[in-house]
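Single-structure report; data block below.
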Amino acid sequence: MIRFINVSKVYPRTGAAVSDISFHIKKGEFAFLTGHSGAGKSTLLKLIHFQTLPTEGQVQVSRYHSDRIKRRDIPDLRRRVGFVFQDFKLLERLTASENIGFALEVTGTPRRDFDAKIQRLLGQVGLAAKSRSLPSELSGGERQRVVIARALATDPLILLADEPTGNLDPRAAEGVFELFRSLNQMGMAVLMATHDTELVRKNPTMRVLEVEHGRLVYDSAANGGKVAPVAVPNDPGKPSTPVRPAENLAPSTPSSTPVRPASPVRPASPVDPSAPGTTEPASNAPTPREAL
Amino acid sequence: MRPLRDALAGLKRAPLLGGLSISAIGLSLVILGLFGLSAHNIGTAISDVERRVEVVGYLLEDAGSARVDIARQEMESYPEVEEVRYVSKTEALLNARRDLVEFSDVYEELRVNPLPASIHLRLSEGFRSPEAVAGVAARLRGYDFIEDVRFGEAWVEQLFALRRLAAGGATILGGSFALVAVLLIGTSVRMAILARSEEIEIMQTVGATESYIQRPFVIEGLITGLLGGLIAVGLTRLAYSILRSRFEGFDSLVWLPDSWILLGVLAASGLGVLAAAFSVRRELGRAYAV
């Protein structure tokens, strides 16, 4: 569903944001994307959302490929990939239901379907009683639920969340996370960028992708957590990222947790020939809802 | 309907900004309108003067009237010639006495009329350029009974130079003010985009199409251009009325033709659309990586 093949992104002013990243997220999978601030998490999400294009390599999201997507197709892709922001980005002058209605309207949903859909979405995120509340009248957790409901307005198959619990207290964060989990259990792929180590630790069965200095340094679904090179279609011989376990943030409890030396970045060791071409989904990945 | 509603809401939400944009565009176009009014009146005056451009052939004393009549008929068939007028010696003397009052004594005391008969050719529209006038003069000289041909070469050339200057000035000034209007609309659209950046970001994130997002701004540009154009017409008309009623010498001022006004308002609206479309595409394009 989401496939990165040797993806690098270099910004003209600030330099490389991500370098030679390869991974694959399957339908219905849940993955954490971890790393320090500035590690490249947001750039990865932007690449998936096609807000920016890779300088090298290829990003595939469903049937859309970064090297041949047309500008006019991007809105269609974005309707399939919901996006949840850390800072909510709700329109303050609109009520909860109007914020969702706004997304429905601008994406061309027939007006006759509005009420039913808004009620369903608010019910889904547990806010049916707050439909007429303005964002300023809602708590942080409730606001984030409205944002999630808005992201679901176009019936996406993938949900990207950029630090969705970053502005919430632990209890609200837990509630929002549970919401993501329930959506995932209904078949939606979820990629959640976070630096909430506690949240990651509490969910050891979830897949974890860790980026550091723009490189993917850890993938819990890979063989032993090591990041393996990904075979590039029509270019199978292309080398990939140096193999290096993450220094921190890895889930501490699962049996598959790799040994993680605290050494700094070092050159690539010989690549494990047994490593799979693409990483596998987490064991808890539900059955895909449908093909994109 | 949402694009129109958003466009109106955009103007309503920032009435000061919207009003300033419309006023600025209106004022730029007023200058263009006043210049158009001047250009139209100069053009009308020049055309009026041009209509008086004549080629005059003075006849020899012994030019027979039969030959002159045949020649007159020939000249009337020239496409360049609108009218042929024969002025006899007697008529020339009467004209001289009437027009040259200070020499009336001289003309009164004459025993012999020294003035020659002449043929006056008035030229058709489109054949009043210096080249066309010179061509007609050359043909007139070809008749053996014509002694001399006059058409005020220097005067005709200056008249046409003036017309060229007016046309060039109109083009340059008109272009400059149109550019100012485009820049103002562009700035206004950029400010409107900035004011609505949050909404736009959400629209882009949830998958609204580019044309959907752009449409309200383009409509806003159209409304701004249209209102600016109408204000410009109104203010130009006001200036015209004041000039005519309050200042001497302006009572013969001619108002702009309807087609010019319609064209001006349409051009202002078109400029609004183009400036807004260009600006909005440039500003919003950044969210689309491709």
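State whether the residues of segment A:214-225 include one that is aliphatic (A, V, I, L, M) and touching a helix residue (DSSP H, G or I) at 6+ places or on another chain (Cβ under 7 Å). For segment A:214-225, residues aliphatic (A, V, I, L, M) and touching a helix residue (DSSP H, G or I) at 6+ places or on another chain (Cβ under 7 Å): absent.
Given A:Ile48, A:Ile74, which one is within 14 Å of another protein chain (Cβ to nearest Cβ), at negative phi and modelled with pLDDT under 95?
One residue alone meets the criteria, A:Ile74.
Considering segment A:104-223, the qualifying helices (runs of 4 or more DSSP H), each wholly inside and each with 1 or more residues that are within 14 Å of chain B (Cβ to nearest Cβ), farther than 18 Å from A:Leu33 by Cβ and in contact (Cβ under 8 Å) with a residue 24 or more places away in the chain, run over A:114-124, A:140-151.
Please find, within segment A:34-67, the residue that is surrounded by the most Cβ atoms within 10 Å (Cβ to Cβ) out of those that are small (Gly, Ala, Ser) and touching a residue at least 12 places away in the same chain (Cβ under 8 Å). Walk me through it before giving the result.
Pass one, segment A:34-67, residues small (Gly, Ala, Ser): A:35, A:37-40, A:42, A:57, A:62, A:66.
Right, trim to touching a residue at least 12 places away in the same chain (Cβ under 8 Å) and you get A:35, A:37, A:39-40, A:42, A:57, A:62, A:66.
Numbers: A:Gly35: 26, A:Ser37: 8, A:Ala39: 23, A:Gly40: 24, A:Ser42: 18, A:Gly57: 23, A:Ser62: 17, A:Ser66: 21.
Only one residue fits best here, namely A:Gly35.
For segment B:203-217, enumerate the residues that are over 29 Å from A:Ala161 (Cα atoms) and crowded, with 22+ Cβ neighbours inside 10 Å. Result: B:Pro216, B:Phe217.
Looking across B:Ile200, B:Ile219, one residue alone is within 24 Å of A:Gly82 (Cβ to Cβ), of a type in the set (A, V, I, L, M) and at pLDDT 80 or above. It is B:Ile200.
Applying the criterion of being in contact (Cβ under 8 Å) with a residue 40 or more places away in the chain and acidic (Asp, Glu) to the residues of segment A:69-103, the residue that is surrounded by the fewest Cβ atoms within 10 Å (Cβ to Cβ) is A:Glu92. Inside segment A:27-72, residues that are under 12 Å from the mean Cα position of the chain (by Cα) and in a helix (DSSP H, G or I) make up a count of 8. Scanning segment B:114-124 for residues that are within 22 Å of B:Arg164 (Cα to Cα), assigned by TED's automatic domain parsing to the domain that holds B:Pro79 and polar (S, T, N, Q) turns up at least one hit.
For first residues located in segment B:14-40 and assigned by TED's automatic domain parsing to the domain that holds B:Glu220 and touching a residue at least 40 places away in the same chain (Cβ under 8 Å), partners that are assigned to a helix (DSSP H, G or I) and basic (Lys, Arg) and lie 6+ apart or on another chain with Cβ distances below 8 Å form the pairs B:Gly18/B:Lys12.
The values are calculated or read from the model by the stated rules, or taken from the named source; none is laboratory data. Nothing here was measured: the structure is a model prediction, and the numbers come from that model. In this analysis, Cβ positions are derived from the backbone assuming ideal geometry, glycine residues included, and neighbour counts consider all displayed protein chains.
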